[in-house]
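**Student:** Would you mind keeping the following structure in view while I ask a few things?
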C-alpha cells in the first residue's frame with residue numbers, strides 16, 4: 001500500500017489518471033479545531049489506476065491534482081461531495097467539473113435518503129467495508145497499511161458504484177434529474193458565502209430592527225474573525241452570545257461583562273474591542289437606515305392539514321417513482337405549496353420535479369384529486385368536481 005510523498009510520483013500518477021472518462025475521488029481531513037478543513041489524504045482512482053496522495057508531505061505541490069480536477073473531459077465522482085469540493089475550492093481555487101455525486105444519484109435511483117457509502121457499496125457490490133479505521137487521526141504519520149487500505153476502499157469500490165448508478169440513470173432516463181442537482185453542487189456561490197450573509201444561518205430570535213442590525217454585523221464580524229484565525233465560529237463567539245448581544249446592545253466592556261453568555265474577563269480582550277466596534281456601529285445607525293425585519297406571513301387556515309396531506313402524496317409518488325422523497329420535495333417545499341399553491345417559489349414546482357410531483361401537488365391543493373385508503377393502500381383518485 002504505497003503513499004505518494006514525492007512530486008515526481010505525483011506527476012506520474014496524475015499522468016496515468018489523465019484521459020480517463022472518470023475518476024473517483026475522496027479526501028480525509030480534520031476540522032474539529034479549525035475553520036478551514038485540514039487536508040490530510042487524497043484518494044483517487046480510475047477503472048485501471050489508483051493512488052493515495054499525502055498532501056502533508058514536505059515540498060509536495062498539489063497543482064497536478066488540481067489540474068485533473070479542472071479537466072472538463074473527466075467526470076469527477078464523489079460520494080457526498082460537498083465537503084470534498086469545499087476543500088478543493090479552498091486550496092486549489094477551483095470547483096471540480098463535471099461532478100457526479102453517488103449519494104444524490106442513489107436517492108434518484110431509490111436507495112433512500114442520504115444513504116451511506118458503505119451501505120451503498122454493500123447493496124450494489126455485495127462487499128462489506130471494514131469501518132474500524134473510520135475515526136483515524138489522519139494527520140498522524142506514518143499511516144498504517146490498514147489505514148491506507150481503508151482509505152483506498154473509499155474510491156476503489158466507488159468505481160463499480162458509479163458505473164451501476166450511471167447506467168441505472170440512463171436506463172430510467174433520469175440523468176437530467178441528477179444534472180440539475182450537480183449544477184447547485186458545483187455553483188461557486190455554494191462555496192463562497194459572503195460574511196455579510198452569515199446572519200442568515202442563524203435562527204431568527206430578534207424582534208426589533210436595531211437588534212437585527214446588531215445581529216447582522218456581529219455575525220459578519222465573527223465570520224471574518226473565524227476565517228482569519230482559522231478557528232471554528234464557536235471558538236470566536238457562540239450563537240447564543242450573538243443573540244444576547246443583539247438583544248442587549250452593550251456599548252462598552254462593562255456592558256459586555258454583564259452578559260451571561262460572555263466568559264468572565266473576555267470583555268477586556270482585543271477581540272472584544274473589535275466586537276464592540278461593530279455593535280456601536282449598528283447602534284449609531286439612523287432609524288431610516290435600520291434593516292427591516294423579515295416578514296413571516298400568516299399562514300392561511302388549514303395550511304397545516306394541507307401540508308400533512310401533501311406529505312402523504314409525496315411519499316406515494318416517491319414510492320411509485322422509486323426515488324427518495326427528499327429528491328422530489330423538501331419539508332419547506334411542502335409547507336410553501338400548502339400555503340401558496342401554484343405561486344410557491346420552490347424547487348418542487350420547477351423543472352422535472354414539477355412534472356413528477358409538483359403538478360399532482362397542485363391538483364391536490366385545488367381539490368381536483370383526493371387520497372383514499374383502498375385495499376389496505378393509499379390511492380389517488382379524481383374528485384367528482386374535477
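**Student:** Among the residues in region 227-238, are any surrounded by fewer than 18 Cβ atoms within 10 Å (Cβ to Cβ), free of Cβ contacts under 8 Å to residues at least 24 places away in the same chain and within 17 Å of residue 205 (Cα to Cα)?
**Tutor:** The answer is yes, given that some residue of region 227-238 is surrounded by fewer than 18 Cβ atoms within 10 Å (Cβ to Cβ), free of Cβ contacts under 8 Å to residues at least 24 places away in the same chain and within 17 Å of residue 205 (Cα to Cα).
**Student:** Then there's this: When residues of region 289-317 are filtered for being more than 29 Å from the chain's Cα centre (by Cα) and at pLDDT 95 or above, how many remain?
**Tutor:** 2
**Student:** How many residues are free of Cβ contacts under 8 Å to residues at least 60 places away in the same chain and either part of a helix (DSSP H, G or I) or crowded, with 17+ Cβ neighbours inside 10 Å (or both) when one looks only at region 298-314?
**Tutor:** Residues that pass the stated criteria total 9.
**Student:** Still on this structure, please answer the following. Is there a residue in region 129-144 that is assigned to a helix (DSSP H, G or I), surrounded by 13 or more Cβ atoms within 10 Å (Cβ to Cβ) and touching a residue at least 40 places away in the same chain (Cβ under 8 Å)? Walk me through it before giving the result.
**Tutor:** Step one: list which residues in region 129-144 are assigned to a helix (DSSP H, G or I), which gives none.
No; the residues of region 129-144 include none that is assigned to a helix (DSSP H, G or I), surrounded by 13 or more Cβ atoms within 10 Å (Cβ to Cβ) and touching a residue at least 40 places away in the same chain (Cβ under 8 Å).
**Student:** Right, here's the next one. Looking only at region 1-14, which residues are within 19 Å of residue 70 (Cβ to Cβ) and under 31 Å from the mean Cα position of the chain (by Cα)?
**Tutor:** Answer for region 1-14, where residues must be within 19 Å of residue 70 (Cβ to Cβ) and under 31 Å from the mean Cα position of the chain (by Cα): 10, 13, 14.
**Student:** Looking only at region 104-122, how many residues end up being in a helix (DSSP H, G or I) and surrounded by 15 or more Cβ atoms within 10 Å (Cβ to Cβ)?
**Tutor:** 9
**Student:** Which of the following residues is loosely packed, with under 14 Cβ neighbours inside 10 Å, more than 29 Å from the chain's Cα centre (by Cα), more than 17 Å from residue 205 (Cβ to Cβ) and modelled with pLDDT of 95 or more: 253, 277?
**Tutor:** Of 253, 277, the one residue that is loosely packed, with under 14 Cβ neighbours inside 10 Å, more than 29 Å from the chain's Cα centre (by Cα), more than 17 Å from residue 205 (Cβ to Cβ) and modelled with pLDDT of 95 or more is 277.
Conditions tested, residue by residue: (1) outside the structural domain of residue 37 (by TED's automatic domain parsing); (2) in contact with a strand residue (DSSP E or B) (Cβ under 9 Å, 6 or more places away or on another chain).
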position: 145; (1), (2): no, no
position: 149; (1), (2): no, no
position: 152; (1), (2): no, yes
position: 208; (1), (2): yes, no
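**Student:** Return the residues of region 70-88 that are more than 16 Å from residue 189 (Cα to Cα) and buried (at least 22 other Cβ atoms within 10 Å of the Cβ); say none if nothing qualifies.
**Tutor:** 76, 77, 78, 79
**Student:** Here is a further query. Can you find, within region 238-250, the residue that is farthest from residue 276 (Cα to Cα) among those that are over 23 Å from the mean Cα position of the chain (by Cα) and not in a helix (DSSP H, G or I)?
**Tutor:** Selected residue: 249.
**Student:** Kindly check whether there is at least one residue in region 32-43 that is touching a residue at least 12 places away in the same chain (Cβ under 8 Å), surrounded by fewer than 20 Cβ atoms within 10 Å (Cβ to Cβ), in contact with a strand residue (DSSP E or B) (Cβ under 7 Å, 6 or more places away or on another chain) and not in a loop (DSSP other than H, G, I, E, B).
**Tutor:** Scanning region 32-43 turns up at least one residue that is touching a residue at least 12 places away in the same chain (Cβ under 8 Å), surrounded by fewer than 20 Cβ atoms within 10 Å (Cβ to Cβ), in contact with a strand residue (DSSP E or B) (Cβ under 7 Å, 6 or more places away or on another chain) and not in a loop (DSSP other than H, G, I, E, B).
**Student:** I would also like to ask the following. Does region 148-161 contain any residue that is within 30 Å of residue 355 (Cα to Cα), modelled with pLDDT of 95 or more and surrounded by 16 or more Cβ atoms within 10 Å (Cβ to Cβ)? Write out each step before concluding.
**Tutor:** Step one: of region 148-161, the residues within 30 Å of residue 355 (Cα to Cα) are 161.
With modelled with pLDDT of 95 or more added as a condition, the list becomes 161.
Among the residues that remain, those that are also surrounded by 16 or more Cβ atoms within 10 Å (Cβ to Cβ) are: 161.
Looking through region 148-161, at least one residue is within 30 Å of residue 355 (Cα to Cα), modelled with pLDDT of 95 or more and surrounded by 16 or more Cβ atoms within 10 Å (Cβ to Cβ).
**Student:** Tally time: how many residues in region 73-103 are part of a loop (DSSP other than H, G, I, E, B) and closer than 18 Å to residue 15 by Cβ?
**Tutor:** The number of residues fulfilling the criteria is 2.
**Student:** Now a separate question. Out of everything in region 36-46 that is in contact with a helix residue (DSSP H, G or I) (Cβ under 7 Å, 6 or more places away or on another chain) and modelled with pLDDT of 95 or more, what residue ends up being farthest from residue 143 (Cα to Cα)?
**Tutor:** Result: 46.
**Student:** So for region 318-329 (the condition being surrounded by fewer than 15 Cβ atoms within 10 Å (Cβ to Cβ), on the phi < 0 side of the Ramachandran plot and modelled with pLDDT of 90 or more), does at least one residue qualify?
**Tutor:** yes
**Student:** Looking at the structure I just gave you, is residue 332 exposed (fewer than 13 other Cβ atoms within 10 Å of the Cβ) and under 25 Å from the mean Cα position of the chain (by Cα)? Quick ask: steps written out before the conclusion?
**Tutor:** Values: exposed (fewer than 13 other Cβ atoms within 10 Å of the Cβ): yes; under 25 Å from the mean Cα position of the chain (by Cα): yes.
Yes; evaluated as a whole, the condition is true for this residue.
**Student:** If I ask for residues that are on the phi < 0 side of the Ramachandran plot, in a helix (DSSP H, G or I) and either surrounded by fewer than 19 Cβ atoms within 10 Å (Cβ to Cβ) or within 22 Å of the chain's Cα centre (by Cα) (or both), which ones from region 335-352 would you list?
**Tutor:** So in region 335-352, the residues on the phi < 0 side of the Ramachandran plot come out as 335-340, 342-350, 352.
In the following step, the residues that additionally are in a helix (DSSP H, G or I) were identified as 335-340, 342-343, 347-349, 352.
If the condition is that a residue be on the phi < 0 side of the Ramachandran plot, in a helix (DSSP H, G or I) and either surrounded by fewer than 19 Cβ atoms within 10 Å (Cβ to Cβ) or within 22 Å of the chain's Cα centre (by Cα) (or both), then 335, 336, 340, 342, 343, 347, 348, 349, 352 are the ones that fit.
**Student:** With (1) in contact with a helix residue (DSSP H, G or I) (Cβ under 6 Å, 6 or more places away or on another chain); (2) without any contact (Cβ under 8 Å) to a residue 60 or more places away in the chain as the list, and residue 24 as the residue in question, which single condition is left unmet?
**Tutor:** (2)
**Student:** While we're here: Among the residues of region 353-378, how many are assigned to a helix (DSSP H, G or I) and surrounded by fewer than 15 Cβ atoms within 10 Å (Cβ to Cβ)?
**Tutor:** Quick first cut of region 353-378, residues assigned to a helix (DSSP H, G or I) only: 353-366.
Of the ones still in play, those that are also surrounded by fewer than 15 Cβ atoms within 10 Å (Cβ to Cβ) are 355, 359, 366.
Residues that pass the stated criteria total 3.
The values are calculated or read from the model by the stated rules, or taken from the named source; none is laboratory data. All of these numbers come straight from a predicted model, not from anything done at the bench. Cβ coordinates were reconstructed from backbone atoms using ideal geometry, including for glycine residues, and neighbour counts include every protein chain displayed.
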